[in-house]
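Before any comments, here is the structure.
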Amino acid sequence: MVKKAHNMIVSEDHFITKLHVIPDERGKLCVIERDKGLPFDIRRVYYLYDVPAGTDRGSHAHLQLQQLLIPISGSFSVRAWSRYGERTYRLYEPNVALYIGPGVWRELMEFSSNAVCLVLASMEYDETDYIRSREEFDRHMKNA
Ligand code: T46
């Protein structure tokens, strides 16, 4: 499905999703449960932190992997391209996550000093699932 947002074509292969928060006088509890908004089973969890100022990460796409990126501390930006177009997201609220599906080129940048990017992934680590060359990604998009 394709929808228009901010005058750009955006696809369902990268989108912002709000997580379930349970607040009370002691603070907030954020919960992510299978079959309740998460479109995949979690097979791996990792996180990025201590990213030096001015450093970019990512610059690749995946053939099959689905991921949810959660800014559990601080903030960072993600530029996402897919066959439907490009969009840059600023992630800064721990209950507002970015879903990225297969076939999406992503670049992570502008990390704040305290940023922690928690990633929930649908598959175990598999280097053969990566497209790390932009030329190969463009070819993949043409053939998709
Ligand atoms: C993504 C962004 C958000 C592992 O051994 N296991 C793992 O689960 C991962 C994710 C990486 N690695 C190894 C592979 C490299 O030797 O750790 C090293 C750094 O990985 P990479 O350069 O892919 O890291 P990022 O931050 O550029 O990208 C990662 C994920 O790979 C990617 O899927 O979407 O975080």
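Might you check whether a residue that is among the β-branched types (Val, Ile, Thr) and over 22 Å from Tyr130 (Cβ atoms) occurs anywhere in the range 37-48?
So in the range 37-48, the residues among the β-branched types (Val, Ile, Thr) come out as 42, 45.
If we keep only those that are over 22 Å from Tyr130 (Cβ atoms) as well, we get none.
No, that holds for no residue.
Of all the numbered requirements in (1) under 16 Å from Gly58 (Cα atoms); (2) open to solvent by less than 30 Å² (accessible area, probe 1.4 Å), Glu107 misses one, and that requirement is (2). Of the strands (runs of 3 or more DSSP E) that lie entirely inside the range 52-96, those containing 2 or more residues that are surrounded by 15 or more Cβ atoms within 10 Å (Cβ to Cβ) and touching a helix residue (DSSP H, G or I) at 6+ places or on another chain (Cβ under 6 Å) span 57-62. Selection of the range 32-59 for residues being on the phi > 0 side of the Ramachandran plot and either in contact (Cβ under 8 Å) with a residue 60 or more places away in the chain or more than 14 Å from the ligand (Cβ to nearest atom) (or both) yields Asp35, Gly37, Gly54, Ser59.
How about the range 38-51: which of its residues are of a type in the set (A, V, I, L, M, F, W, C) and either open to solvent by 50 Å² or more (accessible area, probe 1.4 Å) or closer than 16 Å to Met123 by Cα (or both)? Working first, answer last.
In the first step, residues of the range 38-51 are kept if they are of a type in the set (A, V, I, L, M, F, W, C); the result is 38, 40, 42, 45, 48, 51.
Matches in the range 38-51: Leu38, Phe40, Ile42, Val45.
Yes or no, residue by residue, for (1) touching a residue at least 40 places away in the same chain (Cβ under 8 Å); (2) out of contact with any His (no Cβ under 9 Å at 6 or more places or on another chain); (3) within 15 Å of the ligand (Cβ to nearest atom):
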position: His62; (1), (2), (3): yes, yes, yes
position: Ser73; (1), (2), (3): yes, yes, no
position: Ser77; (1), (2), (3): no, yes, yes
position: Met109; (1), (2), (3): yes, yes, yes
position: Ala115; (1), (2), (3): yes, yes, yes
position: Leu120; (1), (2), (3): yes, yes, yes
position: Tyr125; (1), (2), (3): yes, yes, yes
position: Ser133; (1), (2), (3): no, no, yes
position: Asp138; (1), (2), (3): no, yes, no
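Ser82 satisfies every condition listed in (1) within 15 Å of the ligand (Cβ to nearest atom); (2) modelled with pLDDT under 95; (3) within 30 Å of Gly27 (Cβ to Cβ) except (3).
The values are calculated or read from the model by the stated rules, or taken from the named source; none is laboratory data. Computed from a predicted structure; not experimentally measured. Positions of Cβ are generated from backbone atoms using ideal geometry, with glycine treated the same way; all protein chains shown enter the neighbour counts. Ligands, DNA and RNA are stripped out before the accessible areas are found, and what is left, the full protein with its side chains, is counted by its heavy atoms. Shrake-Rupley method; radii C 1.70, N 1.55, O 1.52, S 1.80 Å.
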